[in-house]
Amino acid sequence: MRRIVQRLLLAVALAVSAVLFVPAPAQAGPVFTICPYMGLPEDCYTWEIPILEPEGWPPGGCPECLLAIDIWDDFVDPVVFEQFNESFGKGFTLLAQSRLEQDPKAAKAMREASVGYFWDAAKATGKYRAELDHVGWFDAKAGKFFEDPGTQQRLDTFGKELAAGVQAFHKALGDPQPEPNIEAALAHFDAALNAASKY
């Protein structure tokens, strides 16, 4: 296992607790949290993503568990880590909100606005390769990472689609006609949100 500073993990806080769950506005769902592997909740980057989580999230008997996903193939500079988290979190939040917006014009505006944040996140990490490495649950109290058979298929899909979306934005950076890659990236992010949503 690489050192903690060499890991960027996407941890999704699905527990309703004072530490791991930040109250959100009326349509908002669980809090998506960016965290290094085995990082403490107070060290994480918090995103409030409006979704309806599936049954069984988090696994029974572990309400404080975090959904942890390593989406980077190698070392990521901590400064870049922070830049990516700040931009990507805003973009992912807007994209999720657009899926719940009933006004088509407003939904389109949110979706288009998310692209700017994803673009900034891609620029910050352009020299790094996004690729799903690990996905599962992290029990912060026990300090251990584990897989849950009841949710693993959804987690695998979520992680693969998230990494694929970042890859597509990386491709768009050097493309004189980036639109197809941008649309492909958004489709991957939509698929990731579908995997993390009740439907």
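None of the figures in this text is laboratory data; all of them are computed from the coordinates on show. What you see is a predicted model, and the numbers here were worked out from it, not measured in a lab. Cβ sites come from the backbone with ideal geometry, for glycine too, and all protein chains shown count toward neighbours.
Tabulated data for the structure shown
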{"item": "Which of 71, 49, 182 has the fewest Cβ neighbours within 10 Å, and the rest in rising order", "result": "182, 49, 71"}
{"item": "In the range 87-121, trypsin sites (Lys or Arg not before Pro) in a DSSP loop with at most 14 other beta-carbon atoms within 10 Å", "result": "none"}
{"item": "Coil-residue trypsin sites (Lys or Arg not before Pro) of the range 141-170, DSSP, other Cβ within 10 Å capped at 11", "result": "141"}
{"item": "Partner aspartates and glutamates for residue 160 [C-alpha distance under 13 Å; skip if fewer than 8 residues away on the same chain]", "result": "70, 73, 131, 133, 190"}
{"item": "nm² value of the averaged projected area, convex hull over the Cα atoms of the range 37-165", "result": "8.4 nm²"}
{"item": "Fewest-first ranking of 157, 125, using other Cβ atoms within 10 Å as the exposure measure", "result": "157, 125"}
